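Working notes, structure below.
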Amino acid sequence: MKRIVLVLLSVVLFTGCSIRLGSFTIASTKNIGYTYRPLQRDVTGEDCVNMILFVPIGTLNPNLQDAVDRAVAKVPNGDMMTNVSAYTDFLFTLVYNRRCVRVVGDVVDTDQSATTTQPAAK
């Protein structure tokens, strides 16, 4: 009996999962050589999951892609974000829990002319 309990406990403790946060056409932490004039700065978008008694209502996990889409949708003619910071926010109580993915950044219009920045000659 102890062996069965130990095996079941091991299975529960050593189980993992994978969560899809979103997909992006371009993602970089480096300067890519193009700059766009922001249509609006410090735009925030978020995607949240609410749980009652640890049971999710709606989707199971917040989605980073949905948070970016919501931020871009707030600005007319916006189609991309630059200078983005991503955050996770948690509210934990015994009855109600909330987990959010939040992004803050500048929304730009890529149809406007982008300026190319060239590295300085040595």
> In deg cm²/dmol, rounded to 500, what helix-only [θ] at 222 nm does the chain give when every DSSP H run of at least 4 residues adds -39500 (n - 2.57) and the total is split over its residues?
Replying inline: -5500 deg cm²/dmol
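Residue 3 to residue 65: extension gain in nm, 0.36 nm per residue of separation minus the Cα-Cα distance? Kindly include the intermediate steps, with their values, before the conclusion.
Working: separation 62, 0.36 × 62 = 22.32 nm, distance 4.43 nm.
Extra length from residue 3 to residue 65 when fully extended: 17.9 nm.
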> Which is the longest run of the chain containing none of the chymotrypsin sites (Phe, Trp or Tyr not before Pro) found in DSSP loop states (not H, G, I, E, B) with at most 13 other C-beta atoms within 10 Å?
Replying inline: 55-122
>> Can you pull out the trypsin sites (Lys or Arg not before Pro) in the stretch 24-118 whose DSSP state is coil and whose Cβ has at most 16 other Cβ atoms within 10 Å?
In response: 30, 74
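Under the Kirkwood approximation applied to all pairs of distinct alpha-carbon atoms, what is the hydrodynamic radius of the stretch 1-118 in Å?
Details: mean 1/r = 0.0587 Å⁻¹.
One decimal place: 17.0 Å for the Kirkwood radius.
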> When the Karplus curve 6.51 cos²θ - 1.76 cosθ + 1.60 is applied with θ = phi - 60°, which whole-Hz ³J(HN,Hα) does each residue of the stretch 78-95 get, with x for Gly and Pro?
Replying inline: x, 9, 7, 10, 10, 6, 8, 10, 10, 9, 10, 10, 10, 10, 10, 10, 6, 9
> By how many degrees, 0 to 90 and rounded to 10, does the Cα axis of helix 2-13 deviate from the longest principal axis of the chain?
Replying inline: 10 degrees
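Coordinate-derived values only; no laboratory data. Worth saying up front: this structure is predicted, and the values here are computed from it rather than measured. Quick reminder, even Gly has a Cβ in these numbers, built from the backbone with ideal geometry, and neighbours come from all protein chains shown.
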